[in-house]
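**Q** Provided herewith is a single structure, encoded as structure tokens, for subsequent inquiry.
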Amino acid sequence: MIKKILIFVIVIPFLSLSFVFISIFFPSYIESPEEAENAKFGLPFRYIEQDLISSGAYDIIDIKGFPNYFGLQTDFLDHDIDYKFSRLNFILSFVTTYLIVLIIALLLKFIRNK
């Protein structure tokens, strides 16, 4: 009984939160310079916006061109990077990921007991 509570209260929320935090480092597909000014990161709902052009991504954009995948810029030494964080989208991302992992865990438990 304690093992079940431990899994549903600690392990599954930790896995969901870890995925949501790590997802900001997944690259986003950007098709134009206008989209690069409001590049959105995070999964399953985009919860961080960053202006890649003002964040010093000139060299990367010139080399790759559009359309292409671009990651979150973290060049803090040369440029002042501005992020916009959406709490609602972050909470929705966490809840969605939690429900998906919970459903998978319950399905695996159901299949194993069958």
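Coordinate-derived values only; no laboratory data. Bear in mind that the values here come from a model prediction, so they are computed numbers and not experimental data. Cβ coordinates were reconstructed from backbone atoms using ideal geometry, including for glycine residues, and neighbour counts include every protein chain displayed.
**Q** For residue 14 and residue 43 in one chain, what is 0.36 nm times their gap in residues minus the Cα-Cα distance, to one decimal in nm?
**A** Going from the current span to full extension adds 8.9 nm.
**Q** Taking amide H atoms as placed 1.01 Å from N in the peptide plane, list the residues 5 or more away in sequence, or in a different chain, whose amide H sits under 5 Å from that of residue 83.
**A** Amide H to amide H, under 5 Å and 5 or more residues apart or across chains, residue 83 pairs with nothing.
**Q** Here is a follow-up. Could you check the spin-label model distance between residue 35 and residue 102? Points 7 Å from the Cα along Cα→Cβ, value in nm.
**A** For the pair residue 35/residue 102, the computed spacing is 3.3 nm.
**Q** Continuing with this model, one more query. Taking a cut-off of 23 Å between Cα atoms, list the lysines near residue 84, but don't count ones fewer than 8 places away on the same chain.
**A** 40
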